[in-house]
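Input: a single structure, listed below in structure tokens.
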Amino acid sequence: MEIEDGAIARWLDPLTLTRDDSADVFLETRRTTTVEWRDGMPAEPRVAVEAGVSARHRRKGRDRLVFLSGVEEGDIREAIRALQKPHGKPPPAPPRRSGDHPEPPPDPSVERWTRRLAPVFERHVPRHRFRWSLDEITRRVVPSGSPGSTPGRSTRRLFSLEGTFVAASRRGDEKRSFSFHAPEADGTADELREALTRAAVARERPIPAGDAGGDVLFAAGTAAFLFHEILSHALEAGADENPLTLLAAARVSIPDLDVRDDPMRLDLFGGYERDDEGTRARSVKLLDAGRVGGKLTDHAHAEARGSTGHGRRAGPGDLPLARGSNTLVSAGSGTSEEMMRRLGNGLWIDEIDSGAVELSSGRFRLQFPRARRIRRGRLAEEIGPGLVAGEMLAALSAVEPVLGRELHVCRSLGWCSRGGQVVPVQGEAPDVIVRRLSVRDR
Amino acid sequence: MIHGELESALERRAPGAWELYRKTAETRELDLAAAERGEAWRREEGWAARWWDHGMRFASASDPARLLSAISLAGRLPAAEEPPPPLPKREVHREPDVAPVAPPPELFEPLAQLVSEKSRGEAVLSSLTIRRGRSVEEIRNAAGLFVRMESSLLDGVARALGRRGPRACERRALFRWDTEPELSALAGRLADGATLPLAPRGAPFARGGWLLDPAVAAAMLAAIAPLFSAETLPRWVKRGELASRRVTIADDASADAPCDGEGTTTRRVLAVEAGALGARFQDLRSARRAAAHPTGHGVRPSYRTPPAPGPRRLFFETAGGVAPLELLAGVARGIFARALTAPVAVDLEADRYSVEFTGVVIVGGRAAEPVAGTRVSGRVSEFLGRIAGVATDRQFFPMPYPVGAPTLLVERVNFE
């Protein structure tokens with residue numbers, strides 16, 4: 001039987017004696033199904049069913065957290081009790097009986113997916129090694145009564161497919177990487193099919209990029225990857241000092257560039273309605289007409305309007321951190337052909353497989369598995385794998401004034417790690433040209 | 001009886017071909033920064049089952065009841081046919097320590113002072129997360145195995161910020177101490193890693209000797225380690241001469257745990273012996289496929305993942321090594337790689353690697369000016385074959401399993 005929010009809030013009362021105190025209880029149950037796919041055959045099925053609770057207390061920059069496996073009444077009470085007596089001997093683990101929980105019903109969606117994926121793979125990418133997973137995550141937050149927070153619960157179903165496949169290239173077979181992350185929805189299968197079709201298209205074998213400075217056209221939504229690294233991370237409250245720290249409202253890019261972080265886009269992998277502190281999520285402008293916008297905040301770093309609803313946890317064992325969710329870049333007016341003509345000579349990138357930023361220096365790097373040279377506005381030879389590097393402010397100031405008019409979701413952007421905490425993220429962007437970046441082989 | 005019920009359920013599904021695993025862990029963590037302090041106490045319980053029922057299946061959960069559900073759900077999914085491996089039989093039982101885990105030591109102030117001293121005031125410690133914990137693992141299987149083992153840890157991550165004029169650089173260092181905290185070595189890594197990249201120049205020459213700090217050498221060893229458990233070796237590997245004759249690489253976790261994650265006895269295995277490729281790390285499944293014996297390398301990074309072959313405590317042997325200063329003195333012209341500025345990139349199949357680092361120029365066997373950043377890339381086979389010197393100053397680093405490396409000297413390297 002589920003414990004009422006009010007009862008849990010009452011148990012937290014002794015922890016919030018002054019206005020500086022806040023406390024909450026966070027509960028998570030997670031069911032993850034993973035299947036390894038090898039050349040159309042499912043193998044090594046795995047199912048993980050987990051439950052955990054944490055109780056947290058915060059007072060004037062000091063956080064204390066107690067995490068226990070389990071979400072039953074005894075676990076919740078024990079976590080709160082341990083928080084009240086931080087230096088005492090922790091109570092022994094309660095004995096568990098195997099009949100404590102009713103068996104959860106089988107997930108028909110999982111069996112449906114295993115039936116649906118086989119023909120899709122067989123048709124588009126018959127030789128492959130993929131890991132498919134479906135995560136069902138249910139979270140519940142019961143705050144002690146912090147302003148802006150109300151008890152809330154959410155359920156997300158996240159679909160991921162990652163791995164490699166063998167594709168035909170014009171000079172023989174080659175191994176290509178593939179990743180696709182999306183919230184499970186009616187259109188997920190069709191979208192996956194389209195993504196696999198695009199990924200498996202016959203291409204020339206890539207040649208090394210060489211070391212060169214270059215102008216880059218970020219196509220197929222990959223600009224979301226760039227802005228996730230250089231804007232979203234830099235504007236997370238509590239992040240290290242970085243080149244944007246002292247530039248609030250300063251113009252750093254073209255007036256047509258608007259970038260926001262919007263957790264409410266539930267069609268994207270990083271979406272949610274309430275954050276992991278119980279705050280209703282809201283969209284935050286990271287770049288407003290080329291000017292540095294607001295910060296992404298959690299309770300601990302809330303400004304006058306309160307938390308923006310970006311307090312996120314990787315799991316119940318972690319303290320919340322202010323984290324980005326979905327990075328969205330507004331569209332412009334350029335067609336794809338016009339953007340290539342504007343680029344002139346440079347690099348056209350439609351796949352990025354990872355990114356990183358060092359906030360203190362502002363240096364970032366994005367790794368791409370392959371790209372195309374653009375010569376005189378036309379697609380030329382395939383190159384890769386390589387990496388694009390640059391500096392945050394220099395890259396923002398070198399964005400070309402015209403942006404593409406079509407928006408593309410970047411489904412390869414799926415998980416982001418900060419301080420070892422991994423959360424789902426995603427983004428959507430039009431074609432964006434950035435001049436004078438550094439490009440080299442990896 | 002929890003185990004009895006789970007064992008019966010597994011025996012019904014896979015007679016004689018199942019394994020049950022349980023891990024309980026308690027950790028205390030202290031997270032300190034200039035104005036913030038976080039304390040966490042975690043008590044985690046994890047259960048896992050693996051069984052062969054027309055192929056291998058795996059289930060994990062946070063308690064036995066949920067594990068029964070997970071077993072039932074995983075049992076409904078299709079699996080590729082695979083016969084079960086022979087399961088180990090033995091009994092190792094150590095009574096776990098029941099005393100509560102003590103809070104980790106408060107080391108922010110002394111470490112901050114050391115970082116400041118070693119960087120001559122150019123770097124500050126920006127945060128320190130330190131964790132002390134203990135875990136108890138139990139393994140049972142259908143062959144009658146029962147293993148209970150306990151392990152403890154003291155590890156964490158520290159970050160330092162270097163600043164020179166308008167330029168800044170952050171460095172992060174992971175650490176794991178098997179005995180007492182080694183603050184001086186950690187402070188040195190943080191101070192150099194955060195300030196050397198602020199130097200005005202890159203590599204002054206294109207070719208020379210390459211001296212690798214133990215931290216850089218350990219990262220390189222961890223990056224090539226998948227070679228030692230690969231089922232199929234890349235075509236470039238020559239078994240008899242994988243590396244220079246000075247190189248011996250061993251794996252021996254017997255001081256950490258009596259058994260691996262499947263209950264096979266831990267033993268010392270030479271992965272490379274005087275330059276020649278040695279034994280492969282085997283878990284139960286890979287050993288069955290290779291018609292070999294398991295070597296005690298069934299690794300469980302977490303109860304959530306099934307065991308897989310991999311290193312457990314991998315290190316360069318240093319018995320025939322020389323003093324680090326002797327290696328330095330032998331470098332006429334080269335660069336000492338003190339800290340990485342990006343993760344080591346290795347493509348074993350293509351025989352390629354790339355290491356980006358910061359360090360110090362060496363001329364005539366002496367340290368000269370700092371190098372902001374440079375890159376060495378090339379063939380893994382050439383890197384291993386050109387190791388010309390191994391020092392005696394081995395240190396262990398979490399990668400995340402312990403990897404031990406001393407200072408290494410590699411000859412004839414191209415700097416970019």
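Computed quantities for the displayed model
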quantity: A:SER133 at pLDDT 90 or above and under 30 Å from A:ILE76 (Cα atoms); calculated: yes
quantity: Qualifying residue in the range B:149-165 (condition: more than 20 Å from the chain's Cα centre (by Cα) and of a type in the set (D, E, K, R)); calculated: yes
quantity: Residue identified as within 21 Å of B:ALA276 (Cα to Cα), β-branched (Val, Ile, Thr), in a strand (DSSP E or B) and more than 14 Å from chain A (Cβ to nearest Cβ) among B:VAL410, B:VAL346; calculated: B:VAL410
quantity: Test: residue in the range A:386-395 that is under 20 Å from A:VAL329 (Cα atoms), assigned to a strand (DSSP E or B) and touching an Asp or Glu at 6+ places or on another chain (Cβ under 9 Å); calculated: no
quantity: Candidates B:LEU183, B:LEU153, B:LEU190 - the one that is crowded, with 17+ Cβ neighbours inside 10 Å, within 30 Å of B:LEU20 (Cβ to Cβ) and not assigned by TED's automatic domain parsing to the domain that holds B:SER254; calculated: B:LEU153
quantity: Residues of the range B:135-160 satisfying the condition of being closer than 30 Å to B:ALA9 by Cα and of a type outside the set (A, V, I, L, M); calculated: B:SER135, B:GLU137, B:GLU138, B:ARG140, B:ASN141, B:GLY144, B:PHE146, B:ARG148, B:GLU150, B:SER151
quantity: For B:GLY4: the one exception among (1) closer than 19 Å to A:HIS57 by Cα; (2) outside any strand (DSSP E or B); calculated: (1)
quantity: Any hit, the range A:433-440, residues being outside any strand (DSSP E or B) and either aliphatic (A, V, I, L, M) or away from chain B (no Cβ under 14 Å) (or both); calculated: no
quantity: Selection within the range A:238-255 - within 14 Å of chain B (Cβ to nearest Cβ) and buried (at least 20 other Cβ atoms within 10 Å of the Cβ); calculated: A:ALA239, A:ASN242, A:PRO243, A:LEU244
quantity: Selection count where residues are surrounded by fewer than 21 Cβ atoms within 10 Å (Cβ to Cβ) and either out of contact with any Gly (no Cβ under 7 Å at 6 or more places or on another chain) or free of Cβ contacts under 8 Å to residues at least 40 places away in the same chain (or both), scope the range B:247-270; calculated: 10
quantity: Conditions (1) away from chain A (no Cβ under 13 Å); (2) of a type in the set (Gly, Ala, Ser); (3) on the phi > 0 side of the Ramachandran plot: number failed by B:GLY55; calculated: (1)
quantity: Test: residue in the range A:246-262 that is at pLDDT 95 or above and over 25 Å from A:SER333 (Cα atoms); calculated: no
quantity: Which numbered condition A:GLU191 fails, given (1) assigned to a strand (DSSP E or B); (2) touching a residue at least 12 places away in the same chain (Cβ under 8 Å); calculated: (1)
quantity: Of the criteria (1) exposed (fewer than 14 other Cβ atoms within 10 Å of the Cβ); (2) within 8 Å of chain A (Cβ to nearest Cβ), which one B:ARG76 fails; calculated: (1)
quantity: Any chance A:VAL402 is aliphatic (A, V, I, L, M), at pLDDT 95 or above and under 30 Å from B:ARG375 (Cα atoms); calculated: no
quantity: Test: B:GLU106 is closer than 17 Å to B:MET149 by Cα, more than 9 Å from every other protein chain (Cβ to nearest Cβ) and of a type outside the set (Gly, Ala, Ser); calculated: no
quantity: Candidates B:VAL380, B:VAL376, B:VAL355 - the one that is touching a residue at least 12 places away in the same chain (Cβ under 8 Å) and more than 20 Å from the chain's Cα centre (by Cα); calculated: B:VAL376
quantity: Filtered residues of the range A:326-358 (kept if over 22 Å from A:LEU393 (Cα atoms) and in a loop (DSSP other than H, G, I, E, B)); calculated: A:SER333, A:THR335, A:GLY344, A:ASN345, A:ASP350, A:GLU351, A:ASP353
quantity: In the range A:283-297, residue farthest from the other protein chains (Cβ to nearest Cβ) [restricted to those that are within 14 Å of A:SER232 (Cα to Cα) and in a loop (DSSP other than H, G, I, E, B)]; calculated: A:SER283
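Residue by residue, here is whether (1) at pLDDT 95 or above; (2) farther than 24 Å from B:LEU212 by Cα holds:
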residue: B:PRO307; (1), (2): yes, yes
residue: B:PRO311; (1), (2): yes, no
residue: B:GLY320; (1), (2): no, no
residue: B:GLY330; (1), (2): no, no
residue: B:ALA345; (1), (2): no, no
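So that you can scan it fast, the table gives a plain yes or no per residue for (1) touching a strand residue (DSSP E or B) at 6+ places or on another chain (Cβ under 7 Å); (2) assigned to a loop (DSSP other than H, G, I, E, B); (3) over 30 Å from B:ALA59 (Cα atoms):
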| residue | (1), (2), (3) |
| --- | --- |
| B:SER302 | no, yes, no |
| B:ALA319 | no, yes, yes |
| B:ALA342 | yes, yes, yes |
| B:PHE357 | yes, no, yes |
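The values are calculated or read from the model by the stated rules, or taken from the named source; none is laboratory data. Since the model is a prediction, treat every value here as computed from it, not as a measurement. Neighbour counts run over all protein chains shown; Cβ positions are idealised from the backbone, glycine included.
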